[in-house]
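First up is the structure itself, then whatever we jot down about it.
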């Protein structure tokens, strides 16, 4: 439970921290997104119910901070991120056994790929809502850029959180059969 | 599947269902409540960043500081004089407007605010400011600087608000072009290629005599933005199938913005 609390605090702090990181002009405005990394680590380290709880809190926080309500119109419904995080978290959860065997590289790459999926899903939703399917190069740079940065930062986050777990008496146990 | 997981899944689906079913009014309430919770963290982070910036600025030499101070003193005197002259002109203008039966033109009542975070999402152009309900801020209040229009407030919490910038595609402003009778709608672009975002002015007449360099101002139509606030300068004008469309360079540099004013009413 303490470790779950640490991960929730981690989600919150990473959400606040990423607000202070400027979009990368040289990557066409791609953003450094830290919160999804913590969320995906949680999906690997926590049991299924923990992953769902983390996805719920993370998705809710994300939508509350990022999605603007303009002229009393909600462009993306509050809560859609929860579903997306839970779906991606469930896929990540399936790779737990490999993670427990100390193979991190796949999860770091998946973390990057899934971060791109989140950014692309956001774009698709606003594109459908606003009309006009516009896909200039900048869109792909922003989608891909956010993923590459997340993949590069993942090892640091994964290592730190994995190192922290035993200190609070948490052991990552194989709760269910994964797909690997 | 274990029983705990089944129960967790059912609870999760119910909770998500409730959240997704929220109407815009309740969504705003949830957003405001959450912004109120995170506000102290944003303020602390912003204050920390300002301190770091100031530390770098403080490394200037004493001679440089003396020089800067001397320039600021001169500038301050000049601005005071300008201010006095303008105040006189304002009174005279209002007197003349009254004389010919025009409504008196008031200056805005402004509340200064500092930007504490920017661009939360990848696809939205927003900033967060350190003012909220406690300071008299409400949603849909115009935000500007001495150079021109910045945007309007959206989600407002106790002591923090989100400002939708004019560079955002969902921010629409009724505008008019200097020296013409042309009126149109200014809105941002979904994605921008340049570092300084460009905005567009649509629904102009196809025969409009619009040239680069002409200024664009708010027209006041719609009620959200007061009239006469600078939006930007025309970059180019193109005739489309049904209307004319101009590209506008914003009057305010939205990428380096630090301090803004919220229009809370008229004096």
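The values are calculated or read from the model by the stated rules, or taken from the named source; none is laboratory data. This one's a predicted model, so the numbers in the text were calculated from it and none came from an experiment. A quick note on method: Cβ atoms are made from the backbone with ideal geometry, for glycine too, and the neighbour counts reach across all protein chains shown.
In segment B:14-25, what residues are surrounded by 13 or more Cβ atoms within 10 Å (Cβ to Cβ) and within 19 Å of residue A:72 (Cα to Cα)?
Once the filter is applied, which keeps residues that are surrounded by 13 or more Cβ atoms within 10 Å (Cβ to Cβ) and within 19 Å of residue A:72 (Cα to Cα), segment B:14-25 yields B:19, B:20, B:22, B:24.
Mind checking which residues of segment A:123-172 are in a loop (DSSP other than H, G, I, E, B), surrounded by fewer than 12 Cβ atoms within 10 Å (Cβ to Cβ) and touching a residue at least 12 places away in the same chain (Cβ under 8 Å)?
Across segment A:123-172, the qualifying residue is only A:169.
Which residues, taken from segment B:108-121, are surrounded by fewer than 23 Cβ atoms within 10 Å (Cβ to Cβ) and under 20 Å from residue A:119 (Cβ atoms)?
Scanning segment B:108-121 gives B:118, B:119, B:120, B:121.
Any residue at all in segment A:49-64 that is surrounded by fewer than 22 Cβ atoms within 10 Å (Cβ to Cβ), out of contact with any helix residue (DSSP H, G or I) (no Cβ under 8 Å at 6 or more places or on another chain) and in a helix (DSSP H, G or I)?
no
Could you run through segment A:10-34 and say how many residues are within 11 Å of chain B (Cβ to nearest Cβ), within 17 Å of the chain's Cα centre (by Cα) and in a helix (DSSP H, G or I)?
Total satisfying the criteria: 7.
Given the residues A:5, A:50, A:79, which is the only one that is within 8 Å of chain B (Cβ to nearest Cβ) and at pLDDT 85 or above?
Just a single option satisfies the conditions, and that option is A:79.
In this structure, does residue B:63 turn out to be part of a helix (DSSP H, G or I), more than 8 Å from every other protein chain (Cβ to nearest Cβ) and surrounded by 17 or more Cβ atoms within 10 Å (Cβ to Cβ)?
no
Restricting to segment A:63-76, and then to whatever is farther than 28 Å from residue A:107 by Cα and touching a residue at least 12 places away in the same chain (Cβ under 8 Å), can you tell me which residue is nearest to the other protein chains (Cβ to nearest Cβ)?
Per the criteria, the residue is A:75.
Hey, any hits in segment B:16-23 for a residue that's facing another protein chain (nearest Cβ under 8 Å) and not in a helix (DSSP H, G or I)?
yes
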